[in-house]
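Here is the structure we will look at.
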Amino acid sequence: MVEANKEILRVDSERLKGWFEELSEIGATTQGGVSRRALTEADLAGRNWFKVKIRSCGLELWEDSALNIGAKYSSLGASGPSVMTGSHLDSVENGGRLDGALGVLAGLECLTRLKELEVQLKRPIEAVSFTDEEGRFGGMMGSQALCGKLSAGYVERAKDVDGVALSDVLRSIGVNPEGLYTAKRSSDSIHRFLELHIEQGPVLGKEEINIGVVESIVGLFNWRVRYVGQANHSGTTPMHMRADAFKGLVCFASAVDEILKNHGTPSSVSNIGKVELLPGAANVVPGQAEFTFEVRDSCGATLNLLADKLADAATDIARRLSLQIQIDSMAEIAPEQCDGDTISIVESAAADLGVTSKRMVSGAAHDTQNMIALAPSAMVFVPSRGGFSHCPEEATSWKDICNGANVLLNAIYRLAC
Ligand code: HGY
Ligand code: MN
Ligand code: MN
């Protein structure tokens with residue numbers, strides 16, 4: 001029996017590595033990444049793999065009505081709100097093997113390790129995989145549902161970039177879409193929340209620091225924008241007589257940088273990730289241009305200001321080019337601050353393990369920013385080689401992975417004692 005708070009614990013890195021290699025096979029791409037977009041066959045396979053692992057580790061398995069999957073361990077006498085950790089198993093198309101998966105697997109390893117060490121814990125501990133963190137259907141659906149943050153009508157409206165409706169996908173796998181609205185966990189059931197994640201940026205690597213301790217997480221809004229003009233013959237239609245939807249996209253994309261510079265902050269970033277021109281023929285003036293557009297910033301007021309300025313600009317362009325415009329909001333996620341006490345516990349665990357750490361802002365969005373609504377939360381980052389993520393080049397040294405998992409293990413241990 002390990003006495004509470006008396007020892008620095010370490011994960012079983014070989015077991016963790018074995019799980020990671022197994023999971024990385026699910027949805028593996030030929031370029032060395034993974035494609036496990038939410039609720040696709042590969043994601044469902046990854047979820048099933050996780051459930052089998054939870055059972056084989058002798059842990060309690062739960063799944064809520066938003067399809068979040070959790071493992072739970074209560075040592076003898078443990079009761080009350082849990083210390084929870086978790087992340088996501090879904091990925092972007094041809095994304096990296098670590099984004100999300102690291103936090104889920106390290107969480108499972110922490111519960112398994114604490115169980116096999118027969119550590120006496122005051123609180124139950126849980127490790128969760130949240131549904132659709134990457135936003136195939138908007139953004140962080142699972143943790144939003146668990147925190148009761150899904151907006152009314154979300155489930156009925158949500159569609160992916162190919163127009164596939166969330167409600168159809170849920171029904172096709174025998175899940176009642178309405179269940180997403182009833183997945184809320186009571187806030188008195190979670191004591192603290194922690195997430196281990198790759199940094200997905202260059203900071204830790206450049207400064208050769210082992211661990212990032214996240215102080216705040218950026219907010220974002222994610223739109224689907226559609227300009228509608230008039231499809232026409234590209235040879236016979238004079239330039240001044242066109243209602244070219246693609247021109248609307250080009251003018252808007254060119255206006256964004258200036259608007260961010262004039263009304264944003266140094267942390268403001270934007271991205272147009274997918275564009276579709278219809279009818280999409282070489283000799284037809286595009287009648288429709290549909291594209292995704294996201295903006296992020298660490299300040300909520302700045303995000304609101306940028307949303308207004310960008311919507312005004314998009315509408316002015318439509319007017320000028322005699323186009324129609326439609327802007328659909330797919331996700332609005334507020335920036336959040338992590339909890340000071342939990343941050344200190346993470347920092348002390350890192351120090352006791354002899355690894356360096358630094359406080360930082362997360363430029364990526366994470367389930368943690370939803371979980372903050374339920375419990376004081378913090379995040380542990382490990383370096384991303386070259387800062388790459390959301391691509392097959394995403395990589396982290398195994399030593400760094402173990403540092404992160406050991407910090408997570410000791411932070412959970414201290415919070416649960
Ligand atoms: O987009 C993000 O920030 C996260 O990876 N879903
Ligand atoms: Mn992620
Ligand atoms: Mn991601």
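Observations on the structure shown:
- Filtered residue count, the range 321-349, keeping only those that are part of a helix (DSSP H, G or I) and touching an Asp or Glu at 6+ places or on another chain (Cβ under 8 Å): 1
Yes/no per residue for (1) open to solvent by 10 Å² or more (accessible area, probe 1.4 Å); (2) aliphatic (A, V, I, L, M); (3) within 16 Å of ligand 1 (Cβ to nearest atom):
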| position | (1), (2), (3) |
| --- | --- |
| Thr131 | no, no, yes |
| Ser143 | no, no, yes |
| Ala158 | no, yes, yes |
| Leu166 | no, yes, no |
| Leu194 | no, yes, no |
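- Summed over the range 336-375, the residues that are open to solvent by 30 Å² or more (accessible area, probe 1.4 Å) and in contact (Cβ under 8 Å) with a residue 24 or more places away in the chain give a count of 16.
- Scanning the range 319-335 for residues that are surrounded by fewer than 21 Cβ atoms within 10 Å (Cβ to Cβ) and away from ligand 3 (no atom under 16 Å from the Cβ) turns up Arg319, Arg320, Leu321, Ser322, Gln324, Ile325, Gln326, Ile327, Asp328, Ser329, Glu332, Ala334.
- The range 350-401 - residue that is in a helix (DSSP H, G or I), of a type in the set (D, E, K, R) and over 18 Å from Ser91 (Cβ atoms) and, of those, farthest from ligand 3 (Cβ to nearest atom): Asp352
- Per-region count, the range 129-179, residues touching a His at 6+ places or on another chain (Cβ under 9 Å) and hydrophobic (A, V, I, L, M, F, W, C): 2
- Those residues of the range 210-230 which are crowded, with 19+ Cβ neighbours inside 10 Å and part of a loop (DSSP other than H, G, I, E, B), in sequence order: Asn210, Val218, Gly229
- Under the condition of being closer than 14 Å to Asn222 by Cα, assigned to a strand (DSSP E or B) and either open to solvent by less than 40 Å² (accessible area, probe 1.4 Å) or aliphatic (A, V, I, L, M) (or both), the residues counted in the range 276-311 number 6.
- Among residues of the range 261-290, those that are out of contact with any strand residue (DSSP E or B) (no Cβ under 6 Å at 6 or more places or on another chain) and of a type in the set (A, V, I, L, M), counted: 3
- Residues in the range 60-88 that are out of contact with any Cys (no Cβ under 8 Å at 6 or more places or on another chain) and farther than 24 Å from Ile173 by Cβ: Tyr73, Ser74, Ser75, Leu76, Gly77, Ala78, Ser79, Gly80, Pro81, Ser82, Val83, Met84.
- In the range 362-417, the qualifying residues are those that are farther than 28 Å from Gly77 by Cα and among the basic types (Lys, Arg), and the one that is farthest from ligand 1 (Cβ to nearest atom) is Lys399.
- Enumeration of residues in the range 188-214 that are within 18 Å of Ile412 (Cα to Cα) and more than 16 Å from ligand 2 (Cβ to nearest atom): Asp188, Ser189, Ile190, His191, Arg192, Ile211, Val213
Residue-wise test of (1) open to solvent by 20 Å² or more (accessible area, probe 1.4 Å); (2) within 16 Å of ligand 2 (Cβ to nearest atom).
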| residue | (1), (2) |
| --- | --- |
| Arg55 | yes, no |
| Asp64 | yes, no |
| Asn68 | no, yes |
| Ser74 | yes, no |
| Met84 | no, no |
| His88 | no, yes |
| Ser91 | no, yes |
| Gly95 | no, yes |
| Ala101 | no, yes |
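- Helices (runs of 4 or more DSSP H) contained in the range 9-121 and holding at least 3 residues at pLDDT below 95, within 18 Å of the chain's Cα centre (by Cα) and of a type in the set (S, T, N, Q): none
The values are calculated or read from the model by the stated rules, or taken from the named source; none is laboratory data. Because the structure is predicted, anything quoted here is derived from the model rather than measured. In this analysis, Cβ positions are derived from the backbone assuming ideal geometry, glycine residues included, and neighbour counts consider all displayed protein chains. Heads up: the accessible areas ignore ligands, DNA and RNA and are worked out on the full protein's heavy atoms, side chains in. Shrake-Rupley method; radii C 1.70, N 1.55, O 1.52, S 1.80 Å.
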